[in-house]
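Asker: Sharing a structure below in structure tokens format, with a few things to ask.
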Amino acid sequence: MSLRIYNVMSRQKEEFVPLTPGAVKMYACGITVSGDAHVGHAYQSVVFDVITRYLAYRGYDVTYVRNYTDVDDNIIKNANAIGVDPMQFAEEHIVTTDAQMDALGNNRPTVMARATRCIDDIIEFIKKLIDGGHAYVADTGDVYFKLDTFPGYGKLSHINLDKNEIAVRKDTEPGKQNELDFALWKSAKPGEIYWESPWGRGRPGWHIECSAMNMRFLGEQIDIHGGGRDLIFPHHENEIAQTESVTGKPFAKYWVHCGLVKINGQKMSKSLGNGILLRDMLAQYDADTIRFALLRNTYSNDIDITDDFFPVAHRHVYRMYSTLAAAKDADKSKVDDTKTAQKIAEITAEFESAMDDNFNTSHLIANAFGWFDFIDAELRKPQPTYDLNAIGEHIVKLFGVLNILQQDATKYVADTKMEFLRAKDISEDFINERIAERARAKQERDFARSDAVRDELLAMGLSIRDTPTGTVWDVKL
Ligand SMILES: [Zn+2]
């Protein structure tokens, strides 16, 4: 089996063959830091984090560049609204976002690029476009890309310009020759932040920064270009036009886009006020739970965050950690090493076949439910014939690609139970006292009383189970 990736450009799954054997150059469009990171940013960043981890698992040496757009209209507007310098505003949001992405369990990209640190590269790039006749300087000092000089425009989004499929925005930019031309350099309005350029004071447009940063950090051609699906048009279409006009070569070999996030079936938007901030998600759920919830979906699909989206994920994660913790203590007296090795090989094959199929984490997690069912069933036998701890440890190793289940299982289970008790204001002493009361009732053959104790605990969300070494309690999340 080999890795196959759905290429948005060709609209089909293609075998992954990088430009240079053994190495992968990947770029994913990052965040415009005009506000706090939200669940959409979290989703996109986790998807590309997992893609880099799986490419590394497959033995590739991955160079992953992710950018921050740290100057744009909204950053300037939002900074001005609270009387802060826009550069300081952007800097503070980048520091906060980096910390949140770390807490979410993402590896840091190889290069974390910033538009304002690549202004020289951007200016050089624009100069090349002007020299090649692909861009022009308007009287206003703005520079525009001349769209009709790039005949391949629309090949990624499959938009047909002649058919007027694009709802043409009202032209608010007086220097444009054609309404579809787009800005490469924007002249500074009075009082706005600016950089000096051959065309006067101004700042880069959004699209050009990604072309220039790709060129600077990865070169003329890259293997994978990623982003959210909302970036296909016009952002990625414009990146292609800019880069290919300069290089004359295909820009990215595979275009990979992740789906969008809905909240209770509705599009997430500022006006609806239904956005979920990453900060709030991290305050409420652990990174395992958030990543599990996001990755249970196939990355190219939209996700719909309903009220039970994270709680259900938390339940699954807790169950998996519980199984791993129990597997550590499983009886090993009848273990058959050959059978264990076969089971491990089978699990690896299922893992790789799901991930090789366009990074299908949804399929992988469905398979994983089967692996945990298997361990749970074996755990119920007094003398399992598989080394359940070895199987558990192997699953943990594979789940490193999702960066889930990497915590100490026993501790995770204990912490989750304590958190549950704290939230419900139940003391452990109380539970132990009720368990002792039930044992006394059983001893006195007062089964009505022992059942009543069990039901009382159940009503509080606590289950009890009798084992050869005594009664144990668990929480029902
Ligand atoms: Zn971009």
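Asker: Which pairs in the list Lys146/Lys189; Lys417/Lys476; Lys77/Lys189 are over 19 Å apart, alpha-carbon to alpha-carbon?
Answerer: Lys146/Lys189
Asker: A further question on this structure: Roughly how far apart, in whole Å, are the Cα centres of the stretch 1-73 and the stretch 413-446?
Answerer: The distance from the Cα centre of the stretch 1-73 to that of the stretch 413-446 comes to 48 Å.
Asker: Another question, then. How far, in degrees from 0 to 90, does helix 337-356 lean away from the longest principal axis of the Cα atoms of the chain, to the nearest 10?
Answerer: That works out to roughly 30 degrees.
Asker: Output the antiparallel fraction of DSSP beta bridges having both residues in the stretch 212-299, as a percent to the nearest 5. Walk me through the numbers on the way to the answer.
Answerer: Numbers: 2 of 8 bridges.
The antiparallel proportion sits near 25 percent.
Asker: Scan around Asn7 for amide H atoms under 5 Å from its own, H built in the peptide plane at 1.01 Å from N, and keep only partners 5 or more places away or cross-chain.
Answerer: Long-range HN contacts for Asn7: Gln12, Lys13, Glu14.
Asker: Additional query: At a threshold of 8 angstrom on Cα-Cα distance, excluding pairs fewer than six apart, so keeping six or more, what relative contact order does the chain reach in percent? Before the final figure, lay out the partial values.
Answerer: Values: 691 pairs, mean separation 74.6, N = 477.
With pairs under 8 Å counted, the relative contact order is 16 percent.
Asker: For the stretch 214-304, calculate the relative contact order in percent as a whole number, restricting contacts to Cα pairs under 8 Å that are 6 or more residues apart. Could you put the intermediate results ahead of the total?
Answerer: Details: 82 pairs, mean separation 28.0, N = 91.
Relative contact order here is 31 percent.
Asker: Exceeding 18 Å between C-alpha atoms, which entries from my cross-link table qualify? They are Lys13/Lys267; Lys334/Lys397; Lys25/Lys253. Let's see the in-between values first.
Answerer: On the way: Lys13/Lys267 28 Å; Lys334/Lys397 24 Å; Lys25/Lys253 10 Å.
Table pairs above 18 Å Cα-Cα are Lys13/Lys267; Lys334/Lys397.
Quick note: the coordinates plus some simple rules give every number you see, no bench work behind them. The shown structure was predicted, so the numbers you read here are calculated from the model rather than taken from an experiment.
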